[in-house]
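Peer 1: Starting off with a structure, shown below.
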Amino acid sequence: MQTLISAKDRSFNYGDGIFTTMQVRCGSIQLWPLHLQRLQRSAAQLGFGAIDWQRVQQQAQAAITAPEQVIKLLVSRGEGGRGYAAADVGTPGIYISASPMPDYRLAQQQGISLGIATLKLAVQPLLAGLKHNNRLEQVLLKQELASMDVDDLLVLDQQGFITEVSAANVFLHRDGSWHTPELKRAGVAGVMRQHILQQADIARVNWGITELASVDAIFICNALMGIVPVHSIAGRALSVSTVQQFSKQVLC
């Protein structure tokens with residue numbers, strides 16, 4: 001594990017890396033197999049060099065300093081010379097940090113409000129689903145959110161399809177069934193999203209903003225917050241109880 005970032009590190013220079021943010025509960029990393037699988041798939045898709053994943057797991061476990069906390073694991077392609085080409089890049093770099101666990105209990109109980117973001121996510125199928133280190137769109141989304149009187153923002157891609165919220169995935173309930181964006185053009189395929197998809201029969205859809213008119217419940221999720229209901233979107237009330245019932249089924 002590396003502790004100092006070189007000026008030649010490609011993650012620092014180009015965002016040429018991937019990361020995952022993990023919840024520690026009772027001293028153990030939750031959903032570790034899914035975090036590891038996503039890291040491995042992403043590293044292979046981006047053509048990273050060989051990584052000792054068993055050693056990475058040991059380093060992540062060694063970084064735990066409290067029973068409840070957050071562990072962030074970042075993998076850089078490695079150090080290289082000037083320019084984008086990665087022909088002479090060295091061994092991938094592993095960076096791990098720990099921080100306090102946020103308290104999401106009030107949001108889980110009462111729900112949150114959503115607005116609609118004006119920023120649209122760029123469409124790039126080769127990067128869709130990856131949690132790569134190019135997060136400037138999310139930085140801009142958080143800036144937009146700070147100027148609005150809502151808790152989070154529903155984000156569309158540039159083709160007008162519902163994709164995610166600023167830092168979490170989204171699930172939508174209609175006609176008695178749950179749906180989630182397919183994420184083949186943009187967005188991050190979250191670990192909690194994957195866990196939920198393994199627990200329930202959920203349709204992957206490509207919906208535009210007009211589809212929201214017939215949605216009666218929404219929740220957002222990621223590996224830290226779990227499932228958080230949305231009590232309103234753009235001022236329209238939604239069912240929190242529908243989400244809470246579903247949450248008991250998949251997160252029991």
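Peer 1: So if I place +1 on the C-beta of Lys and Arg and -1 on the C-beta of Asp and Glu, and nothing else carries charge, what would the dipole magnitude of the range 1-105 be about its Cα centre? I want it in debye, nearest 20.
Peer 2: Value, rounded to 20: 160 debye.
Peer 1: With every protein chain in place, what's the accessible area of Ser147 (1.4 Å probe, Å², nearest 10)?
Peer 2: 90 Å²
Peer 1: Where nothing but the Cβ of Lys and Arg (+1) and of Asp and Glu (-1) is charged, how large is the charge dipole of the range 62-207 around its Cα centre, in debye to the nearest 20?
Peer 2: Magnitude of the dipole: close to 340 debye.
Peer 1: For Gln124 and Ser177, compute 0.36 nm times the residue count separating them, minus their Cα-Cα distance, and round to one decimal in nm.
Peer 2: Extending this stretch completely gives an extra 16.2 nm.
Peer 1: Additional query: On a full-extension model of 0.36 nm per residue, what is the gain between Ser99 and Gln159, subtracting their alpha-carbon distance, rounded to one decimal in nm?
Peer 2: 18.0 nm
Peer 1: With charges set only on the Cβ (+1 for Lys and Arg, -1 for Asp and Glu), what does the dipole of the chain come to about its Cα centre, in debye to the nearest 20?
Peer 2: 440 debye
Peer 1: Dividing the alpha-carbon radius of gyration of the range 103-181 by 2.2 N^0.38 Å (N being the number of residues), what value is obtained?
Peer 2: 1.17
Peer 1: Right, next: Taking every pair of alpha-carbon atoms in the range 52-156, give the share separated by more than 23 Å as a whole percent.
Peer 2: Result for the distance tail: 54 percent.
Peer 1: Of Leu224, Gly190, Gly93, which is farthest towards the positive pole of the chain's charge dipole, taken about the Cα centre with +1 and -1 on the beta-carbons of Lys, Arg and Asp, Glu respectively?
Peer 2: Gly93
Peer 1: Using alpha carbons only, how many angstrom separate the centre of the range 17-36 from the centre of the range 99-169?
Peer 2: 20 Å
Peer 1: How much length is gained on full extension from Ala50 to Gln37, taking 0.36 nm per residue of separation minus their Cα-Cα distance?
Peer 2: Here the answer is 3.2 nm.
Peer 1: Continuing with this model, one more query. Looking at this model, which pairs from Lys8/Lys184; Lys72/Lys184; Lys120/Lys248 are more than 28 angstrom apart at the alpha-carbon?
Peer 2: As for pairs spanning more than 28 Å Cα to Cα, those are Lys8/Lys184; Lys120/Lys248.
Peer 1: Moving on to the next point. Tell me which residues come under 5 Å, amide H to amide H, from Val205 once H is placed; ignore anything under 5 positions away on its chain.
Peer 2: It is Thr180, Glu182, by chain and number.
The values are calculated or read from the model by the stated rules, or taken from the named source; none is laboratory data. Values in this document were obtained by computation on a predicted structure and should not be read as measured data. Heads up, the Cβs are rebuilt from the backbone with ideal geometry, glycines too, and the neighbour counts pull from every protein chain shown. Each accessible area value is taken on the protein alone, full model and side chains, heavy atoms only, with ligands, DNA and RNA left out. Shrake-Rupley method; radii C 1.70, N 1.55, O 1.52, S 1.80 Å.
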